[in-house]
Amino acid sequence: MKKLTKKMLWVHRYTGFALSLLFLFWFLSGFVMMYKGFPYLNKKETLARAEGIAPSKNWVTPQELYLKHNLVNHHWESISVVSISGRPIYRLQDTQGKFYCFFADTGQKVPAFGKNEAKRIVNQFTGNKVKIAHIEKMTELDQWTPRTRFLPYLPAYRVYLDDHKGTVCYVSSITGQLFQKLNTADKIWAWLGPIPHWIYFKNLRIHTQLWRDVVVALSLVGVVMCLAGLYMGIVRTRRKKGNKWAFSPYKKVWFKWHHYTGFIFGLFTFTWILSGLFSMNPWKWSPSNSLSSQAKKVWQGGKLSPKLFSISPGKAIANMKEKVSELTLTRFAGKPYYQIQMASGTSKLLPGNHQYAPLERLDNQSYIQQVQAIHPKVKVLRVQELTDYDAYYYNKHRTKPLPVLKIDLADNSNTTYYINPKTAKVAMKYENTSRINRWVYHGLHSLDFPALFFRRPLWDIIVIILLLGGTSLSITGLVLTWKWFKRKVNFR
C-alpha cells in the first residue's frame, strides 16, 4: 500500500507539473465556452442575406450542363444553385472537395472572382450599409479558417469593413461564396474561449491528424493525473477531533486547500477531462452520427448526378412567393429533387425531373423503405413523428429543425434514425456505442442532461459553480507545482 501510494504521488506530481497550467486555461476558457464558440458564419445568416435567385425558363438545365462539359467521371458531394451579381451559378463540389462553377444562364465556366467582385459580394451581403476599408488576398489558411474544409475556397479575399466593429468578410475567388465573417469582439472571445480550450492554434489545427493526436495525448495524461489525484485525496484523508469538517492532514495552506478542492471537485474534473477525451472519438470506437458513404448511396438510390435533372431550376421556382436564396440538388430513393431554401430559413422539395409530380412532403412509408434498404431483413420497431426534442436529437439554441421522423430498428445495435421530412435527409443516426458516447461526452462535458439542459438559469448556476471549483483546484495545484519547481532548482 505504501509503495502504491508513493508511486501515485510521483505520478500525480509529475503529470501535475506538466498539465497544471493547461488545466487552469481549460477551466477559465470553459466560462467563455458556455456562451461563446469559435466564430463561424452560420447557414441561417447566409440564407437570410443571400442574393435572391430570379426565376427564368431560359437556364441551362443540369442535364444539359452534364452533357456540355462531359461531367461523366466525377463523383459529386454537393450541387447547388446560387445567384451572384444577378447571375445564377451552378456550384458543384466533388468528393475530393474541389469546386466547379458554371453560369446557369449560359452554361459557361465561371472565371475566378477578382477583388472588385469580392467587394460587390460583400456590399450585397451587408446591404450596402458599410463602406469597405481595404481588401487583401489570402492564399493559405489563417487563424480564423483553421480547418482543411476551407482549403477548396482558396485563394480568397479578406474584405475589411469600415465599421466600428472591425468586421472582416472572407470571399472565395473560386466560388464567390462569402464563407466566413467575424469582428474584433468575436476574435477576443475566441482567444479567451475556444482557441485555448480546443488548442485551436492555426499552425497545429490545420494538420488535422496531428492536432487530434495532441489533444488525445494531453487528455490521456490528464486522465492519469486526475485518477492519481483522486487516489491520493482519499488515502490522505484524516478526520480531526473537535472539527467534523476538517479531514486534511496537511498543515500548509496550499497543500490543505488543494486537498479540499480536489476532494470536492476532483471527480468533476476527472469527468470533464475524460469526456474531453471522448469528444475526439479516440480509436474511432464510436460510429458517426451521419450516414456512411455506402449508406448514403443506398439512401439516395444511387450517386448524385446532374444528368438526372431535366427541369430547369429557374423554372422550378417560378411559382415561389418567398425569396429563394439557394437551390440544392438532392436525390432520394433514386428520384431527383430540388431542395428550395428560402431566406426565411424554410425549405421545400420540388421534383427535378418531368416524370414526377410536385408534392408537399414525402410520405413516411418512403422513408421506412429506404431505412430498410440500408438494413435489409431488419424489422422496424417503432415510428414516431417528433414535434419536440428528445434526449438524443436536440441542441442548445433549439435551432435543429422540427418535426423529425424517428425510426427505431430491432437490430443488435438498436439503430435509430432521425429524418428531416422537409429535406428527405437523415439528420442523425444513433447506435448503442454512439448513445454511450453521447452521454459520456455531451452529458459529462456539457451537463446537457434533459432534466437540466433546458432549465436556464439553473444549468448556468450549476456549471459556473463547478467551473469555479475546478479553477480553484487548478490554481492550488499550479501554486504547489511552482513551489516544488523552485525547491528543485534551488536544491540543484
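Against the test of being at pLDDT below 95, under 21 Å from Gly477 (Cβ atoms), more than 33 Å from the chain's Cα centre (by Cα) and open to solvent by 40 Å² or more (accessible area, probe 1.4 Å), the options Lys241, Lys256 yield a single qualifying residue, Lys256.
Checking each residue of region 64-72 against the condition of being among the polar types (S, T, N, Q) and within 22 Å of the chain's Cα centre (by Cα) gives no match.
Here's the yes/no breakdown for (1) in contact (Cβ under 8 Å) with a residue 24 or more places away in the chain; (2) closer than 23 Å to Lys323 by Cα:
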{"residue": "Gln93", "(1), (2)": "yes, no"}
{"residue": "Gln108", "(1), (2)": "no, no"}
{"residue": "Ala112", "(1), (2)": "yes, no"}
{"residue": "Thr148", "(1), (2)": "yes, no"}
{"residue": "Gly166", "(1), (2)": "no, no"}
{"residue": "Val171", "(1), (2)": "yes, yes"}
{"residue": "Thr175", "(1), (2)": "yes, yes"}
{"residue": "Lys181", "(1), (2)": "yes, yes"}
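When each of Leu386, Leu409, Leu402, Leu327 is tested for being under 29 Å from the mean Cα position of the chain (by Cα), of a type outside the set (Ser, Thr, Tyr) and more than 23 Å from Trp439 (Cα to Cα), the lone residue that passes is Leu327.
For the criterion of being in contact with a helix residue (DSSP H, G or I) (Cβ under 6 Å, 6 or more places away or on another chain), surrounded by 18 or more Cβ atoms within 10 Å (Cβ to Cβ) and not basic (Lys, Arg), Gly470 passes. None of Ile407, Ile436 is under 26 Å from Leu277 (Cβ atoms) and either open to solvent by 30 Å² or more (accessible area, probe 1.4 Å) or not in a loop (DSSP other than H, G, I, E, B) (or both) except Ile436. Of all residues in region 115-152, those satisfying the criterion of being surrounded by fewer than 13 Cβ atoms within 10 Å (Cβ to Cβ) and over 29 Å from the mean Cα position of the chain (by Cα) are Asn116, Asn128, Lys129, Lys131, His134. Could you say whether any residue in region 334-356 is open to solvent by 40 Å² or more (accessible area, probe 1.4 Å) and closer than 17 Å to Tyr90 by Cα? No, region 334-356 contains no residue that is open to solvent by 40 Å² or more (accessible area, probe 1.4 Å) and closer than 17 Å to Tyr90 by Cα. Here Thr423 passes the criteria (1) crowded, with 19+ Cβ neighbours inside 10 Å; (2) outside any loop (DSSP other than H, G, I, E, B); (3) modelled with pLDDT under 95 except the one numbered (2).
The residue of region 270-310 that is surrounded by the fewest Cβ atoms within 10 Å (Cβ to Cβ), among those that are assigned to a loop (DSSP other than H, G, I, E, B), aliphatic (A, V, I, L, M) and under 19 Å from the mean Cα position of the chain (by Cα), is Met280.
The values are calculated or read from the model by the stated rules, or taken from the named source; none is laboratory data. Because the structure is a prediction, the values reported are computed rather than measured. Because the Cβ atoms are built from the backbone with ideal geometry, glycine has one as well, and the counts that use them run over all protein chains shown. Quick note on the areas: whole protein, heavy atoms, side chains included, nothing else; ligands and nucleic acids left out. Shrake-Rupley method; radii C 1.70, N 1.55, O 1.52, S 1.80 Å.
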